[in-house]
Amino acid sequence: MNIYVCIKQVPDTETKIKLKPDFTWIDTGGIKWVMSPFDEYAVEEALRVKEKNAGSTVIVVSAGPTRVIECIRTALAMGADSGIHIEIPETADNNMTAKALANALKKEPANIGLVFTGKEAIDDGSAQVSQLLAGFLGFPYVSVVLNVEYGAQSVKCKREIEGGAYEIVETALPAIIATQKGINEPRYATLPNIMKAKKKEIKTYKTSDLGISEGDQKIKFKNFELPPPKQAGKKVSGDPAAQAKELARLLHEEAKVI
Amino acid sequence: MGKILVIAEQRDGKLKKSTFELLGLATQSGNETSAVLLGDGVSGLTKELEQYGATSIYLIQDASLKFYSAESYTLGVLEAIKQASPDIVLASHSPTGRDFMPKIAACLGVGLASDCTQAQISGVNLKVRRPVYAGKATVEVEFLGQGPRLATIRPNAIGAPKPISAQTAKVIPISIQFTGLKTKVIEIVKGNSARPDVAEAPAVVSGGRSLKSAENFKIIEELADVLGAAVGASRAAVDAGYRAHRDQVGQTGKVVSPVLYIACGISGAIQHLAGMRTSKCIVAINTDPEAPIFQVADYGVIGDLFAVVPLLKEELKKIKEH
Ligand SMILES: Cc1cc2nc3c(=O)[nH]c(=O)nc-3n(C[C@H](O)[C@H](O)[C@H](O)COP(=O)(O)OP(=O)(O)OC[C@H]3O[C@@H](n4cnc5c(N)ncnc54)[C@H](O)[C@@H]3O)c2cc1C
């Protein structure tokens, strides 16, 4: 069985976001790039399935500028077997990205068993790619997955919904599973594995190899803005009793939120 | 006049407040507003959709719709879109809406703007803004190409309207054969808490590492209960096992915009601020006057949360009881 993991490289969570002077995108200068945290769970889950199923292979796929090869290497160092890099512009939307991923997977051998993704990428936070990919591949999907019970023809997923509730969803294979924090603890790459990863194969596609054109871009982000700086807030002083009383009054009478 | 289709969301036979927010947005634009409602035995809810301004309601009822499932909702919503031929389709960015709307976009070959926090409709033009980098910036979304404009709107981000009552809606039943599905929801396991979800609640009271134990979160819960608020937590509190990950607020937790956010003993790390800085009114209670949380707080209390929080609860209770 071949297991695919679609991952995205994103700015480290510590990043202070700056904008380009024309507000058409963020200023990517000086950014430290990392694998989107939810994708780490996806890679880990794929590796665990492989370890339980002799003869399986884990292939990592990432679409983006050349820098994302670094992110593929990180997954290879965790233990994935090979990588596919799809060169698409930084500004590609979810639709173009998902179509490129789908078309790359369609070129692969037919024995796709599972496709893992993170539940969302923490840059645009759209949480669209796994479902779009499912749509383009004709696979079922389960999003925000906290646990998977693997069977031969199907899997049972615990899917997080609102208010601390969850659903148990059974799906036929092949399927797309989008991982949520809590599903596993991602492993760290060891030094020998980092060395080994350097020799693993990474295949590259251009958008033209995959039949992707400008028309596959369905939305565009524009007019980037930083949140307006907040006015200095009011400090509530006094002993705890006075503070509590004054704060309650301010929330009620001034902010009118109670 | 254009047409807007709102995807109504119900759970356990109750419509979500976010559905009314969407209906408000749609009706205020002067367009013809229809809604699609899916479920099993939910026809009683059409009245409420009517009161909030839907003039036609596509009603899809089936035993298999007892539980939400992406596959059956996609089939139903696609059929409603086919019949209504809307210019704009709106859903809530809830665990439900965010799950099936991208699939709808894939099937229609159109773009979807997800998790929008600002939305305006003039004519049939949908103008939305949404956060990126977990709220460290926002962007406007431009739709390219043809076809209906799809958007999911974050709960609580746009105000809820008052019901407009005096009008009647046409109810249009749609029957669909739900066969050949590849996924099945076997069961729903309820959370053990009656409290609202952090991502949907109009108020959130959050605690950090400084709470020191899961038991100590009781004072946070008691304050939350007075306000009808959800309980949130910093990642440090979640990693320490004081709260479940579903309560985590921040870049790798939930991004929230409640009317009131009270941060108790939370330092205000960049990843936490990303998840809550768009809240309308922010209160910080922290012993350290230099804590970065004070930079985004509308009201700052420099003090010990263990002293202030229980007293605040009592003061707010008094106001509530008046
Ligand atoms: C990849 C990544 C993703 C992350 N994602 C998130 C995320 O989604 N959400 C998130 O929250 N964090 C996230 N973090 C972690 C973040 O960097 C901080 O470590 C975390 O938010 C700190 O939590 P805290 O404020 O509870 O703890 P601390 O930073 O330890 O702060 C505790 C605060 O409590 C105050 N205090 C102590 N005692 C009292 C008292 N008795 N009364 C009042 N105040 C008191 C202290 O002054 C201090 O300000 C992430 C980190 C990484 C690396």
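Would you compute, from DSSP H runs of 4+ residues alone, the mean residue ellipticity of chain B at 222 nm, taking -39500 (n - 2.57) per run and dividing by the full residue count, rounded to the nearest 500?
Working: 8 runs with 85 residues, N = 322.
Only helices count here, giving -8000 deg cm²/dmol.
Which of the pairs A:230/B:17; A:181/A:218; A:245/B:320; A:50/B:103 have their Cα atoms more than 19 Å apart in this structure? Write down the numbers at each step before the final one.
Details: A:230/B:17 29 Å; A:181/A:218 30 Å; A:245/B:320 13 Å; A:50/B:103 28 Å.
Result: A:230/B:17; A:181/A:218; A:50/B:103 exceed 19 Å.
To check you understand DSSP bridge types, tell me what percent of the beta bridges within the range A:2-216 (both residues inside) are antiparallel, rounded to 5.
Just about 35 percent of them are antiparallel.
Sort out for me the Cα centre separation of the range A:99-174 from the range B:166-188, rounded to whole Å.
23
Please identify every one of the trypsin sites (Lys or Arg not before Pro) in the range B:199-250 that sits in a loop by DSSP and has no more than 16 other beta carbons within 10 Å of its own beta carbon. Please report the intermediate quantities before stating the final value.
Values: sites: B:209, B:212, B:218, B:235, B:243, B:246; in loops: B:212, B:243.
Here the trypsin sites (Lys or Arg not before Pro) that fit, given the DSSP loop and packing criteria, are B:212.
About the Cα centre of chain B, what is the dipole size in debye to 20, counting +1 per Lys and Arg Cβ and -1 per Asp and Glu Cβ, all else neutral?
300
For chain A, modelled as a GNM with alpha-carbon contacts under 10 angstrom, which of A:114, A:101, A:191 fluctuates the most?
Fluctuation is largest for A:191.
Could you check the spin-label model distance between residue B:127 and residue A:209? Points 7 Å from the Cα along Cα→Cβ, value in nm.
4.3
Where does the longest stretch of chain B lie that holds no GluC sites (Glu not before Pro) found in a DSSP loop with 15 or fewer other Cβ atoms within 10 Å?
That gives B:1-214 as the longest site-free run.
Considering the dipole of the range B:203-321 built from charges on the beta carbon (Lys and Arg +1, Asp and Glu -1) around the Cα centre, which of B:211, B:226, B:279 is farthest to its positive end?
Selected residue: B:279.
When only DSSP loop residues count, what trypsin sites (Lys or Arg not before Pro) in the range A:101-143 have their Cβ near at most 12 other Cβ atoms within 10 Å? Each step should come with its number before you reach the end.
Working: sites: A:106, A:107, A:119; in loops: A:107, A:119.
Taking the range A:101-143 and a limit of 12 other Cβ atoms within 10 Å, the loop trypsin sites (Lys or Arg not before Pro) found are A:107.
Just want the answer: with Cβ charges of +1 for Lys and Arg and -1 for Asp and Glu, which residue in B:70, B:148, B:118 is farthest toward the dipole's positive end in the range B:59-172?
B:118
With label points built 7 Å along Cα→Cβ from the Cα atoms of residue A:32 and residue B:175, find their separation and express it in nm.
Taking the two extended label points, one gets 6.2 nm.
Share of antiparallel DSSP beta bridges in chain B, in percent to the nearest 5? Provide the component values of the computation, followed by the final result.
Details: 12 of 58 bridges.
Taking every DSSP beta bridge within chain B, about 20 percent pair in antiparallel fashion.
For chain A, which longest stretch is free of loop sites, where a loop site is one of the GluC sites (Glu not before Pro) that DSSP puts outside H, G, I, E and B and that has at most 13 other Cβ atoms within 10 Å?
Result, exposed sites excluded: A:91-200.
Based on other C-beta atoms within 10 Å, arrange B:178, B:20 from fewest to most.
Values: B:178 15, B:20 22.
Lowest count first: B:178, B:20.
Which of A:23, A:139, A:116 moves the most in a Gaussian network model of chain A with Cα springs under 10 Å?
In this elastic network of chain A, the residue with the biggest mean-square fluctuation among A:23, A:139, A:116 is A:23.
Between residue A:187 and residue A:18, with labels modelled 7 Å along Cα→Cβ, what's the label distance in nm to one decimal, could you check?
3.9
Go through the range A:201-258 and name the trypsin sites (Lys or Arg not before Pro) that are in a DSSP coil and have 14 or fewer other Cβ atoms within 10 Å of their Cβ.
Passing both the DSSP loop test and the Cβ count: A:230, A:256.
Fewest to most neighbouring Cβ within 10 Å: what's the order for B:281, B:264?
Ordered by Cβ neighbours within 10 Å, fewest first: B:281, B:264.
Determine the relative contact order of chain A: mean sequence separation of Cα pairs under 8 Å and six or more apart, normalised by residue count, in whole percent. If you can, show how the numbers build up before the last one.
Working: 487 pairs, mean separation 60.4, N = 258.
It rounds to 23 percent for chain A.
Provide the percentage of antiparallel DSSP beta bridges, counting only those with both residues in the protein assembly as shown; round to the nearest 5.
That works out to approximately 35 percent antiparallel.
Mind checking B:245-256 for the average number of partner chain beta-carbons within 10 Å of each residue's beta-carbon?
That average works out to 3.
Treat every Asp and Glu Cβ in the protein assembly as shown as -1 and every Lys and Arg Cβ as +1, leave all other atoms uncharged, and give the resulting dipole magnitude about the Cα centre to the nearest 20 debye.
Once rounded to the nearest 20, the dipole reads 400 debye.
With θ taken as phi - 60° and the coefficients 6.51, -1.76 and 1.60, list the Karplus ³J(HN,Hα) couplings across the range B:76-90 in order, rounded to whole Hz; mark glycine and proline as x.
x, 5, 4, 5, 5, 5, 4, 6, 8, 5, x, 7, 9, 10, 10
So what is the relative contact order of chain B, in percent, for Cα pairs below 8 Å that sit 6 or more residues apart?
Across chain B, relative contact order equals 14 percent.
Net charge within 13 Å of residue B:122 by Cβ-Cβ distance, Lys/Arg positive one each and Asp/Glu negative one each, not counting residue B:122 itself?
+1
Let's see if you can work this out: charge +1 on each Lys and Arg Cβ, -1 on each Asp and Glu Cβ, no other charges. What is the dipole magnitude of chain A about its Cα centre, in debye to the nearest 20?
For this selection, approximately 380 debye.
Any read-out appearing in this document is the output of simple, stated calculations on the displayed coordinates, not a laboratory observation. All values reported here derive from a predicted model rather than from experimental measurement. As a convention, Cβ positions derive from the backbone with ideal geometry for all residues, glycine included, and neighbour counts pool all protein chains shown.
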